[in-house]
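For reference, the structure discussed in these notes is given below.
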Amino acid sequence: MESNVTPSTTIVMEPEKVTVSIIDEQGMKTVKNTNIENIQQIFMKEQAMETPLLPSQWGVVKYYRKNNYEGYIMTTPPTEREVNFSLRENGIPNKTIIPVPPMLWIFEVREDREGRKSLQHSMCYAMKHELLSMKDQLLHAPYPNIGIGHGICWGMELPPATTGKSLQNIPARFFSSPFNYDLSSGRVKSFRYFREAEDREIETDTAIYHMVKLAKDLANSRESGEAFVYPFDTLKEGNNLTVEQAAKMYMPAIFN
């Protein structure tokens with residue numbers, strides 16, 4: 001009797017592992033566990049490759065390769081992070097805990113002739129929920145030290161990009177680096193903020209003040225025993241970019 005089973009291979013990528021499920025012509029299923037580095041090596045011989053999107057998962061959700069360039073789309077879940085400020089202004093704390101919305105990160109990595117990898121582009125955006133499709137709309141990340149084109153300003157030293165796992169450490173490095181006023185204006189919608197140094201309210205679109213205000217709102221919610229709800233209405237749209245458009249725009253070596 002002939003089998004009606006269609007052979008298939010399913011690859012599921014998670015932050016710590018990659019699961020490959022294979023169904024043969026007889027319907028027998030084989031499951032193997034590996035990692036993203038090994039998967040990349042399998043496709044090294046191909047001129048270009050692109051994984052399918054893995055929706056509703058956090059971590060690396062899409063991977064590209066073309067010639068000696070790699071591209072990653074990664075997401076991080078909503079969380080709380082302790083951040084530091086390299087400021088001495090009255091009312092700006094040295095450190096505080098802020099709420100962080102779901103985030104999307106785009107990385108383009110180049111490998112030179114000696115096999116050394118370096119980060120070429122690193123972008124970040126905010127999202128209202130987990131990534132559901134490449135057509136999802138993006139929001140400005142509400143933080144300073146990010147250019148108007150959404151590129152992260154790392155100063156003099158770029159993060160290492162030797163493996164897919166090292167790229168997953170970049171969000172933690174971003175939030176652990178001291179924040180200042182660089183590229184802080186215009187990152188959020190204008191809102192009312194009380195400046196203690198001047199004992200008055202001001203109208204501002206400064207990301208630093210937005211972070212401090214949200215930290216206070218989070219602390220107040222904890223004290224009152226109420227659940228904190230992230231104020232997405234304070235965030236600016238990311239130039240009407242979808243995830244797909246952002247990937248094509250900020251991975252030039254992959255898509256050009």
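The values are calculated or read from the model by the stated rules, or taken from the named source; none is laboratory data. Worth saying up front: this structure is predicted, and the values here are computed from it rather than measured. Glycine also receives a Cβ, built like all others from the backbone with ideal geometry; neighbour counts cover every protein chain displayed. Note: accessible area is taken over every heavy atom of the protein model, side chains too, but ligands, DNA and RNA are not part of it. Shrake-Rupley method; radii C 1.70, N 1.55, O 1.52, S 1.80 Å.
Going by the structure shown, is R195 open to solvent by 10 Å² or more (accessible area, probe 1.4 Å), touching a residue at least 12 places away in the same chain (Cβ under 8 Å) and under 18 Å from the mean Cα position of the chain (by Cα)? Spelling it out, it is not the case that R195 is open to solvent by 10 Å² or more (accessible area, probe 1.4 Å), touching a residue at least 12 places away in the same chain (Cβ under 8 Å) and under 18 Å from the mean Cα position of the chain (by Cα).
Among the conditions (1) closer than 17 Å to A219 by Cβ; (2) in contact (Cβ under 8 Å) with a residue 24 or more places away in the chain, the only one that N94 does not satisfy is (2). Applying the criterion of being under 20 Å from T163 (Cβ atoms) and of a type in the set (S, T, Y) to the residues of the stretch 76-133, the residue that is least open to solvent (accessible area, probe 1.4 Å) is S122. Can you name the residue in the stretch 223-238 that is touching a residue at least 40 places away in the same chain (Cβ under 8 Å) and open to solvent by 70 Å² or more (accessible area, probe 1.4 Å) and is also farthest from A126 (Cα to Cα) among such residues? Per the criteria, the residue is D233.
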